[in-house]
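In what follows, a structure is listed as structure tokens, so that the remarks can point back to it.
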Amino acid sequence: MNYLGVGVSSGNVAVFHGTSLKVIDRRVRLVELVLRFAICVLGVLAAVLIGTDTQVREIFTIQKKAKFTDMKALVFLVIANGIAASYSMIQALRCVVSMVRGSVLFSKPLAWAIFSGDQVMAYVTLAAVAAAAQSAVIAKMGQPELQWMKICGMYEKFCNQVGEGIVSALLVCISMVVLSVISAFSLFRLYNGSNKGESNSRW
């Protein structure tokens with residue numbers, strides 16, 4: 001029996017035909033490549049926006065300069081996005097080489113390494129965005145209970161640029177989460193009862 005490229009084995013287990021599996025894999029690989037390049041661009045953009053953000057205000061003849069190093073959460077965010085951009089560039093080059101060579105499946109150790117790397121980067125970027133967002137809220141709203149003033153009232157330009165950087169970092173985080181799902185799909189497919197590679201992959 002054959003329906004939409006899906007057959008049924010003698011054990012009544014649905015199997016994808018090789019052609020359909022190749023088409024799906026190419027599409028998944030293309031999405032992965034686009035996301036990894038997007039992370040490179042957005043990660044660098046977030047790091048540059050926050051890392052170069054400064055503003056000087058003069059208060060009673062005393063100059064006060066706001067910079068990202070004044071908030072440890074922003075330092076963490078810059079470092080995390082720099083690492084995510086570098087990691088994604090390496091993985092993007094791997095995807096390009098794989099697509100040029102026409103290879104579809106790869107070894108289990110490599111699949112585990114990619115899956116683990118994507119998981120780690122997803123958690124790191126999520127933690128960095130969460131910490132930076134919390135600090136941004138305090139800077140914007142203040143904390144009256146602790147007598148913390150609204151910093152953004154004094155350094156509006158600084159806060160606006162930090163906000164743009166956090167938005168870019170959030171997009172990086174979301175993209176890394178999607179990539180972690182894709183790498184999980186690629187990994188666990190290798191354990192799906194295939195005996196002869198992609199043509200016999202069973203679902």
field: 15 Å beta-carbon shell around Leu42, net charge (K/R +1, D/E -1)
entry: 0
message: Quick query: amide H of Gln55 versus all other amide H atoms, modeled in the peptide plane; which residues come in under 5 Å with a sequence gap of 5 or more or a different chain?
response: Ala66
- prompt: How much net charge surrounds Glu32 when only other residues with a Cβ under 11 Å from its Cβ are counted (Lys, Arg +1; Asp, Glu -1)?
  reply: +3
- prompt: So what J values fall out for the range 55-67 if you push phi through Karplus, 6.51 cos²θ - 1.76 cosθ + 1.60 with θ = phi - 60°, rounded to Hz, Gly and Pro as x?
  reply: 7, 10, 10, 9, 10, 6, 6, 10, 8, 10, 10, 9, 9
query: Over all Cα pairs of the range 49-179, how is the pair count split among 10 Å bins, expressed in % and running from 0 up to the last occupied bin?
result: 12, 34, 25, 15, 9, 4, 1
message: Beyond 12 Å, how much of the Cα-Cα pair distribution for the range 37-77 remains, as a whole percent?
response: 64
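Read the figures in this text as sums done on the coordinates, not as results from a lab. Note that the coordinates shown come from a computational prediction; the quantities given were computed from them, not determined experimentally. Counting neighbours? That spans all protein chains shown, and the Cβs are built from the backbone with ideal geometry, glycine included.
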